[in-house]
Amino acid sequence: MCGIVGVKGIKNPQDFLLEGLKELEYRGYDSAGIALIDEGELKVIKAVGKLKNLEEKVKNVTFSNPTLGIGHTRWATHGKPTELNAHPHIGEFSAVVHNGIIENYQEIKKELEKENISFVSQTDTEVIVKLFEHFYEGDAFEAFKKTFEKIDGAYAILLITEKEPEKIFFAKKGSPLIVAKNEGKFFFASSDAPLIGYANTAHYVEDGEFGYVDSFKPLPANKESAKKGGFRFYMEKEIYEQYDVLKENTLGRNTKDGIVFDELDKSFFEGINNIIISACGTSYHAGLVGKYLIERDAKIRVDVEVASELRYRKPLLSKDTLFIVISQSGETADTLETLKMAKKAGLKTLALCNMDNSSIVREADRTILLRAGIEKGVASTKAFATQVMTLWMLSNYLADKNEYEIINQAIEATKVNSKIHEKIKRLSKRYLHGHGFFFIGRDIFYPLALEGALKLKEISYIHAEGYPAGEMKHGPIALADPELFVVALLSKNILFEKTKSNIEELAARDATVLTVSSEEIELTDDYVKISLANHPMIEFFEMMVITQLLALEVAIRMGNDVDMPRNLAKSVTVE
Ligand code: M6R
C-alpha cells in the first residue's frame, strides 16, 4: 500500500530516496517523507500530498555529509494524511518507516503511555520507534529485536538511529521488502522498481527475517518500460500496450498444436472436480470471465470468490478443488490469506500473477506469470487483459480445445484504433454530469460491464455500476431518465436479441444509452462501432479497450489525476 526505500553507502542518499519514492508513488500518495543521518545527526523532512511537495522542501535543506537514509510514501490507514501522521516517525534519536499494519499498537501505546512516553501521531507506526527507544540500553540490535518480538501484524520496517549511525535495521512479516546491493552500497525497497539501475543483486526478504542478509538474486536490467513514452498518463500508455503485452503473454503458450503451459502438467489436475477462484477488484472480474469460459468448455464447476469475504466465512474446502488466486501485484493481503487458508486445508493451489517473487507467487504450488510488465496506473488495464487471456488459455488447456487462430484475432482486436479513440474523446464530454452510469451486458460481457464500471468510478469519481442486462428490469430500471447513462455491451455472438431488448427497454424509459456493438441500434443515443467478429472473445477484447478509453477520457475531462486517483493505492497490502 505504502512504499518504502532505504539506502546506505552512496553520496547524496537523499537523491536516491526521492527518486525511489517517485517509482513507488503510485502505491500511496497522501504524504511522503525521508530521514537521513547527516554527520551523526538525524534529519527528517516530511510533506503532505504528492511527492513534489517533499521534493520542494528537500531543496531548501542544507546537508553536510549524509551517509544513509530511509523514505516513505503513504496511503493512510491509521490517522489522516497530515504531516504529523506522515512517515518517518521519530523518537528522540531514531526514525522509522513502515509498510503494513501493527495490530496491537493500541495496547502497546497504552503500556508506553503509562511509562510517560508520549505520542504525537494517530498512527500505528509510531509505537515502533517509541518501543525501540524504550528498549534501547546501549545495543540497538538488541532493542530492535525486542521491538520486533513485541509487535503483531503485517510489516516491512526500516529503522535508523543516531546511536548506531552506520546501520539500517530492517524487519519483514507479511509486507514485501527487498534488500539489494552493489559493491558495498545497500538499497532497500518495497518493490524492485527503485532498485533497477542501482543494484545488481537483490534478496527478497522472507517473513520473520530481520538484520543482515547474504543471498542475492539478479534484478531486471532496465526501467525503460516504466516510463510514460509520450502518453498523457501511464494508464493510457498501458491501454495502448495491451496488444504487445498479450503477444508476450501468449508467446509459447498459444501454439498451433494447442495450449502449452511449461508451468503445468496434466497430472497437476488429476483428481480435480471443482475450481475456486479467489481475487479482489479487477482480478475478481477477470475470475468471473474465467468461470464462464471454464464451465462452458472444460465442464468443471467454478466458484469465484471475493477474497475479503472468503477468508472469514469458513468455506467448505474439499481436496478435489483446485484453488486459483489471481493478482496483479501478488501482494494483496486478502487474496494472499485465502491462498494460505486453501493450502492449510490441503488444496492444490495455482496463482495467476504478474509479479514474480511476490508473496503470492512464493506461496502458491504453481504459478502462471501474466507477463504484463510493470503496471503503474492504479487503475488496472493491461494486467486485466492478461488475466482474462490466461484464463481463456487455461480453459482451452483443460478442455483440450484449440482456439489458436481465435486467440490471435482477439489479440489483434486490442490494437487501439485511433479513430475510435478520437470518437470516445469527443463523446466523453456528454457524460460528465448526470446521476451515474450503468454498464450492462450478458454472459462474459457482464463481468466486463462490472470492470468497465469499476474503471470509470475509480478514476472519474462518478458513480457507476455493472449490471447483468437482464436484471435491470428487476429494480434498477426505476432510475432510468435522461440523466441516467447506460453503456450497453452488445455482442453479436451471445444473446444478441435478448440484450438488444434490454437496451430498448432502457431507451424507451428515456435513459441515455451508449451502445458498444458491431451493429447499430437505432434507438440509442450514442454508438461506438466495433468490428464484426465471429467469436465473443474477439468482441470482448475490443470492447474492453473501449470501456478503458471511455473511463480515461471522462476522467481527463474531469481534471483528475488518472494514474493516482484519490483514496486508492496500487497494491492493497492491508485487509
Ligand atoms: O494486485 P491485485 O490484482 O491483487 O489487486 C486487486 C485490486 O486491488 C485491484 O484490481 C484494484 O481493484 C484496481 N484498482 C482496479 O483497477
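Can you tell me which residue in segment 305-318 is modelled with the lowest pLDDT, limited to those that are charged (D, E, K, R) and within 16 Å of the ligand (Cβ to nearest atom)?
Going residue by residue through segment 305-318, those that are charged (D, E, K, R) are 305, 309, 311, 313-314.
Checking which are within 16 Å of the ligand (Cβ to nearest atom) leaves us with 305, 309, 311.
Values: E305: 98, E309: 97, R311: 93.
Within segment 305-318, the match that is modelled with the lowest pLDDT is R311.
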| said: Being touching a residue at least 12 places away in the same chain (Cβ under 8 Å) and under 26 Å from the mean Cα position of the chain (by Cα) is the filter here; which residues of segment 255-271 pass it? | reply: F261, E263, L264
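Report yes if E305 is open to solvent by 10 Å² or more (accessible area, probe 1.4 Å) and among the acidic types (D, E), otherwise no. Give the steps one after another, and end with the answer.
Numbers: open to solvent by 10 Å² or more (accessible area, probe 1.4 Å): yes; among the acidic types (D, E): yes.
Yes: the conditions hold for E305.
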| said: Consider segment 332-342. How many of its residues are under 19 Å from the mean Cα position of the chain (by Cα), open to solvent by less than 30 Å² (accessible area, probe 1.4 Å) and more than 7 Å from the ligand (Cβ to nearest atom)? | reply: 5
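Quick one: which residue in V325, V302 is within 12 Å of the ligand (Cβ to nearest atom) and in a strand (DSSP E or B)? Quick ask: steps written out before the conclusion?
Working: V302 fails: within 12 Å of the ligand (Cβ to nearest atom).
From the options V325, V302, the qualifying one is V325.
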| field | Complete set of residues in segment 11-22 that are under 23 Å from G184 (Cα atoms) and either open to solvent by less than 20 Å² (accessible area, probe 1.4 Å) or in a helix (DSSP H, G or I) (or both) | value | P13, Q14, D15, F16, L17, L18, E19, G20, L21
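Would you kindly identify the helices (runs of 4 or more DSSP H) lying entirely within segment 30-147 that contain at least 1 residues that are more than 17 Å from L18 (Cβ to Cβ) and open to solvent by 20 Å² or more (accessible area, probe 1.4 Å)?
Details: elements: 51-59, 105-114, 126-135.
In segment 30-147, 105-114, 126-135 are the helices (runs of 4 or more DSSP H) which contain 1 or more residues that are more than 17 Å from L18 (Cβ to Cβ) and open to solvent by 20 Å² or more (accessible area, probe 1.4 Å).
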| Would you pick out the residues in segment 402-436 that are closer than 18 Å to L532 by Cβ and open to solvent by 10 Å² or more (accessible area, probe 1.4 Å)? | E405, I406, N408, Q409, E412, A413, K415, N417, K419, I420, K423
| query | Out of (1) modelled with pLDDT of 95 or more; (2) open to solvent by less than 50 Å² (accessible area, probe 1.4 Å); (3) closer than 24 Å to P13 by Cα, the odd one out for A180 is which? | reply | (1)
| message | Of everything in segment 277-293, what is more than 16 Å from the ligand (Cβ to nearest atom) and touching a strand residue (DSSP E or B) at 6+ places or on another chain (Cβ under 8 Å)? Give them in sequence order. | response | K291
| field | Subset of segment 91-116 that is modelled with pLDDT of 95 or more and among the hydrophobic types (A, V, I, L, M, F, W, C) - its residue that is farthest from H72 (Cα to Cα) | value | L112
| note | Among G434, G441, G373, the single one that is within 21 Å of E539 (Cα to Cα) and of a type in the set (G, A, S) is G441
| query | T161 versus (1) buried (at least 21 other Cβ atoms within 10 Å of the Cβ); (2) modelled with pLDDT under 90; (3) in contact with a Lys or Arg (Cβ under 8 Å, 6 or more places away or on another chain): which is the lone unmet condition? | reply | (2)
| Is it the case that L352 is within 12 Å of the ligand (Cβ to nearest atom) and either open to solvent by 10 Å² or more (accessible area, probe 1.4 Å) or aliphatic (A, V, I, L, M) (or both)? | yes
| Within segment 466-475, is there a residue that is at pLDDT 95 or above and either under 22 Å from A383 (Cβ atoms) or of a type in the set (S, T, N, Q) (or both)? | yes
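Determine, yes or no, whether R366 is at pLDDT below 95, more than 16 Å from the ligand (Cβ to nearest atom), more than 21 Å from S491 (Cα to Cα) and of a type in the set (D, E, K, R).
Numbers: at pLDDT below 95: no; more than 16 Å from the ligand (Cβ to nearest atom): yes; more than 21 Å from S491 (Cα to Cα): yes; of a type in the set (D, E, K, R): yes.
It is false that R366 is at pLDDT below 95, more than 16 Å from the ligand (Cβ to nearest atom), more than 21 Å from S491 (Cα to Cα) and of a type in the set (D, E, K, R).
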| remark: Scanning segment 193-212 residue by residue, the ones that are open to solvent by 30 Å² or more (accessible area, probe 1.4 Å) and part of a loop (DSSP other than H, G, I, E, B) total 8
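Does any residue of segment 502-514 turn out to be within 23 Å of the chain's Cα centre (by Cα) and open to solvent by 10 Å² or more (accessible area, probe 1.4 Å)?
Taking segment 502-514 as the starting set, the residues that turn out to be within 23 Å of the chain's Cα centre (by Cα) are none.
No, because not a single residue in segment 502-514 is within 23 Å of the chain's Cα centre (by Cα) and open to solvent by 10 Å² or more (accessible area, probe 1.4 Å).
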| request: For segment 374-382, state whether one or more residues are among the β-branched types (V, I, T), in the same structural domain as R301 (by TED's automatic domain parsing), open to solvent by less than 10 Å² (accessible area, probe 1.4 Å) and more than 20 Å from I196 (Cβ to Cβ). | output: yes
| note | Of the residues in segment 421-436, those that are hydrophobic (A, V, I, L, M, F, W, C), under 28 Å from the mean Cα position of the chain (by Cα) and part of a helix (DSSP H, G or I) come to I424
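Going through R296, R371 one at a time, which residue ends up being open to solvent by 40 Å² or more (accessible area, probe 1.4 Å), in a helix (DSSP H, G or I) and more than 10 Å from the ligand (Cβ to nearest atom)?
Numbers: R371 fails: in a helix (DSSP H, G or I).
The conditions single out R296.
Does segment 222-239 contain at least one residue that is part of a loop (DSSP other than H, G, I, E, B) and modelled with pLDDT of 95 or more?
Kept after step one, since they are part of a loop (DSSP other than H, G, I, E, B), are these residues of segment 222-239: 222-223, 227-233.
The next check asks that each one be modelled with pLDDT of 95 or more; those that pass are none.
No; the residues of segment 222-239 include none that is part of a loop (DSSP other than H, G, I, E, B) and modelled with pLDDT of 95 or more.
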| message | Filter segment 319-353 down to the residues that are at pLDDT 95 or above and among the polar types (S, T, N, Q) and list them by number. | response | T321, S327, Q328, T335, T338, T349
| said: Go through (1) within 28 Å of E236 (Cβ to Cβ); (2) in contact with a strand residue (DSSP E or B) (Cβ under 7 Å, 6 or more places away or on another chain) for N396 and report which single condition fails. | reply: (1)
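The values are calculated or read from the model by the stated rules, or taken from the named source; none is laboratory data. Note that this is a predicted model, so its numbers are computed, not measured. So basically every Cβ, Gly included, is an ideal-geometry build from the backbone, and we count neighbours across all protein chains shown. For accessibility, only protein heavy atoms count, side chains too; no ligands or nucleic acids. Shrake-Rupley method; radii C 1.70, N 1.55, O 1.52, S 1.80 Å.
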